[in-house]
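Student: My questions all concern the structure below.
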Amino acid sequence: MAGTAVLGRLTWQVGTVTALREETSTARTIVVGLPQWPGHLAGQHVDVRLTAEDGYSAQRSYSIASAPANGNLELTVQRLPDGEVSSYLAGALEVGYPLELRGPIGGWFVWEPDTQVPVMLVAGGSGVVPLMAMIRTREAAGNKAPFRLVYSVRSPDTELYKDELAERQRRGDGLDVTYVYTRTTPPGWPVPPGRINAGVLESAGWPPDRRPAVFVCGPTPFVEAVANLLVNAGHDSRLIKTERFGPTGGKS
Amino acid sequence: MGIVSPGFHGRRQAGQKLPPGQYLVTDFPVLSAGPTPRVDTGSWELRITSETGQVHSWNWAEFRALPSEDITVDIHCVTKWSKLHTGWQGVSLDTLLAGVETSAGFALARSYGGYTTNLPLPDLRDGQAWIAYEFDGSPLAAEHGGPARLLVPHLYFWKSAKWVSGIDLRAKDEPGFWESLGYHNYGDPWREQRYWGD
């Protein structure tokens, strides 16, 4: 697993879907068995390639959700409206189907389990997927670095990994999770729905003088807003790693 | 051809000739490794440094006084999206390099915020590269690399360094930021040179 940035050529390999888990009404985790998986670092992604009978193919990148393990990996795919690939992966795909992919890819947005500095994870929507890989890798490696996750979701029914995160937090082994609900809160939630803001990042994250490693992942406007708030709060921009997806949300 | 994905039909885009593995978008996604640097044109400077250490520099006013061009090009991001017929305004690297004496074979572009990317110097010449400061008729937004970014549309878009601050001309090639982290050293989308070894 060490040094798996990317070594040598990344060849396409054919895995088999061994399990499917519905995470929400629009997101699904796909467990893929792979004959030769070199392992990966938490935060890396794979390229998935789908091929139609006439040879037409389409590729997309998906973050890996699981901790490194021999012979398999998990992807969590959010079905996008009109998503050419995601609607297949979170739709027609069934257990036993072949799935072609290559990876692991990306040597920047990664957390390595031999580090002990505090970690701050900030997720918007399905941006939680690579951050979940970090949380799972931390436990699998027996790492005790304190982690704080701030997870912004539209509503309770769009939370990914809800039970697992609740269980991990209950265990009290150094992972704190704070939810931000932007449209609908759970019943009895102490604050009205609203966007993530400086106050939440300050109270639920780490102060800048602790020099946490910060990972922010989500839609572009979310990541832009959070990264700016963190820089304005005094966090060192060199310690903030970002991964953005989706459109800019307007003409720019 | 890869193995067939049972039940996958796909959405063919008739009449569009895209590089292999790319799909068409109409919006303009953003990819950056960290927070967006805020660069003030009052202190902005572009420096071209030759392999002998000779520096040519332009402040914003000097840069904007150079002859500029309307540029309409297709762009291709390694994350698979392509955007066609994008409209830019910028200064050709031919203009910027005209007075620079060099026999360097390579270039390393540098950005405010610390980003770097490398490319062969000939890829910056002959009408193939610009320093762009307008997109779609408006000043280039910070998240897209404003006030000015490199624009080298024949290579994957990570080579088009946002927030460009300078270009070092080098006798020897040196990998930049993504090129050190698993991405291809050259990055030709038509040959699908995404990652090391492609």
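The values are calculated or read from the model by the stated rules, or taken from the named source; none is laboratory data. Fair warning: this is a prediction, and the values are worked out from it, not measured in the lab. Note that we place each Cβ from the backbone using ideal geometry, even for glycine, and neighbour counts take in every protein chain shown.
Student: Identify, from the list B:20, B:35, the residue that is within 14 Å of another protein chain (Cβ to nearest Cβ) and buried (at least 20 other Cβ atoms within 10 Å of the Cβ).
Tutor: Going through B:20, B:35 in turn, the sole match is B:35.
Student: Kindly list the number of the only condition in (1) out of contact with any Ser or Thr (no Cβ under 8 Å at 6 or more places or on another chain); (2) assigned to a loop (DSSP other than H, G, I, E, B); (3) not hydrophobic (A, V, I, L, M, F, W, C) that fails for residue B:122.
Tutor: Among (1) out of contact with any Ser or Thr (no Cβ under 8 Å at 6 or more places or on another chain); (2) assigned to a loop (DSSP other than H, G, I, E, B); (3) not hydrophobic (A, V, I, L, M, F, W, C), the lone unmet condition for residue B:122 is (2).
Student: What residue, of A:158, A:184, A:178, is more than 26 Å from residue A:66 (Cβ to Cβ) and away from every other protein chain (no Cβ under 14 Å)? Break it down stepwise before answering.
Tutor: Values: A:158 fails: more than 26 Å from residue A:66 (Cβ to Cβ); A:178 fails: more than 26 Å from residue A:66 (Cβ to Cβ).
Sole residue among the options that is more than 26 Å from residue A:66 (Cβ to Cβ) and away from every other protein chain (no Cβ under 14 Å): A:184.
Student: Just a yes or no: is a residue in region B:80-89 crowded, with 17+ Cβ neighbours inside 10 Å and either free of Cβ contacts under 8 Å to residues at least 24 places away in the same chain or aliphatic (A, V, I, L, M) (or both)?
Tutor: No, the conditions are met nowhere in region B:80-89.
Student: Filter region A:29-59 down to residues that are in contact (Cβ under 8 Å) with a residue 40 or more places away in the chain and facing chain B (nearest Cβ under 7 Å), then give me how many there are.
Tutor: 3
Student: Still on this structure, I have one more. Identify the single condition in (1) of a type outside the set (S, T, N, Q); (2) part of a helix (DSSP H, G or I); (3) exposed (fewer than 13 other Cβ atoms within 10 Å of the Cβ) that residue A:192 does not satisfy, given that it satisfies every other one.
Tutor: (2)
Student: Go through region B:143-158 and give me each residue that's over 12 Å from residue B:111 (Cβ atoms) and assigned to a helix (DSSP H, G or I).
Tutor: If the condition is that a residue be over 12 Å from residue B:111 (Cβ atoms) and assigned to a helix (DSSP H, G or I), then B:143, B:144, B:157 are the ones that fit.
Student: A further question follows. Tell me, yes or no, whether region A:109-127 has at least one residue that is free of Cβ contacts under 8 Å to residues at least 12 places away in the same chain and farther than 28 Å from residue A:36 by Cβ.
Tutor: no
Student: Exactly one of these conditions fails for residue A:27: (1) over 23 Å from residue A:108 (Cα atoms); (2) surrounded by fewer than 20 Cβ atoms within 10 Å (Cβ to Cβ). Give me its number.
Tutor: Condition not satisfied by residue A:27: (2).
Student: Among the residues in region A:140-152, are any farther than 18 Å from residue A:173 by Cβ, of a type in the set (A, V, I, L, M, F, W, C) and crowded, with 21+ Cβ neighbours inside 10 Å?
Tutor: Looking for residues that are farther than 18 Å from residue A:173 by Cβ, of a type in the set (A, V, I, L, M, F, W, C) and crowded, with 21+ Cβ neighbours inside 10 Å, one finds at least one in region A:140-152, hence yes.
Student: Residues to consider are B:192, B:134, B:179; find the one that is charged (D, E, K, R), within 14 Å of chain A (Cβ to nearest Cβ) and surrounded by 19 or more Cβ atoms within 10 Å (Cβ to Cβ).
Tutor: Answer to the selection: B:179.
Student: For residue B:84, indicate whether it is away from chain A (no Cβ under 14 Å), among the hydrophobic types (A, V, I, L, M, F, W, C) and either closer than 30 Å to residue A:16 by Cα or in contact with a Ser or Thr (Cβ under 7 Å, 6 or more places away or on another chain) (or both).
Tutor: When the stated conditions are applied, residue B:84 does not pass them.
Student: Filter region B:142-198 for residues that are closer than 26 Å to residue A:43 by Cα and basic (Lys, Arg) and give the result.
Tutor: If the condition is that a residue be closer than 26 Å to residue A:43 by Cα and basic (Lys, Arg), then B:159, B:162, B:194 are the ones that fit.
Student: Only one residue in A:243, A:202, A:224, A:159 is more than 30 Å from residue A:83 (Cβ to Cβ) and surrounded by 14 or more Cβ atoms within 10 Å (Cβ to Cβ), so which one is that?
Tutor: The unique qualifying residue is A:202.
Student: Could you look through region A:214-231, keep only residues that are among the aliphatic types (A, V, I, L, M), closer than 17 Å to residue A:127 by Cα and touching a strand residue (DSSP E or B) at 6+ places or on another chain (Cβ under 8 Å), and pick out the one that is nearest to the other protein chains (Cβ to nearest Cβ)?
Tutor: Across region A:214-231, the extreme among qualifying residues is A:227.
Student: Now for a separate question. Taking the stated definitions as given, is residue A:14 within 12 Å of chain B (Cβ to nearest Cβ), in contact (Cβ under 8 Å) with a residue 40 or more places away in the chain and buried (at least 21 other Cβ atoms within 10 Å of the Cβ)?
Tutor: Answer is no for this residue.
Student: Anything in region A:62-115 that is more than 14 Å from chain B (Cβ to nearest Cβ) and among the charged types (D, E, K, R)? List them, or say none.
Tutor: Selection gives A:74, A:79, A:114.
Student: Given the criterion within 19 Å of residue B:75 (Cβ to Cβ), touching a helix residue (DSSP H, G or I) at 6+ places or on another chain (Cβ under 8 Å) and away from chain A (no Cβ under 11 Å), identify the matching residue among B:156, B:186.
Tutor: Working: B:186 fails: touching a helix residue (DSSP H, G or I) at 6+ places or on another chain (Cβ under 8 Å).
Among B:156, B:186, only B:156 is within 19 Å of residue B:75 (Cβ to Cβ), touching a helix residue (DSSP H, G or I) at 6+ places or on another chain (Cβ under 8 Å) and away from chain A (no Cβ under 11 Å).
Student: Restricting attention to region B:23-32, and to residues there that are at pLDDT below 90 and within 7 Å of chain A (Cβ to nearest Cβ), which single residue is surrounded by the most Cβ atoms within 10 Å (Cβ to Cβ)?
Tutor: In this case the residue turns out to be B:30.
Student: Follow-up. Could you please let me know if residue B:5 is over 19 Å from the mean Cα position of the chain (by Cα) and crowded, with 18+ Cβ neighbours inside 10 Å?
Tutor: yes
Student: Another question about this same structure. Kindly establish whether residue B:3 is within 13 Å of chain A (Cβ to nearest Cβ), among the β-branched types (Val, Ile, Thr) and farther than 30 Å from residue A:215 by Cα.
Tutor: Details: within 13 Å of chain A (Cβ to nearest Cβ): yes; among the β-branched types (Val, Ile, Thr): yes; farther than 30 Å from residue A:215 by Cα: yes.
Yes; evaluated as a whole, the condition is true for this residue.
Student: If I ask for residues that are aromatic (Phe, Trp, Tyr) and either within 14 Å of chain A (Cβ to nearest Cβ) or without any contact (Cβ under 8 Å) to a residue 40 or more places away in the chain (or both), which ones from region B:96-121 would you list?
Tutor: The answer is B:112, B:115.
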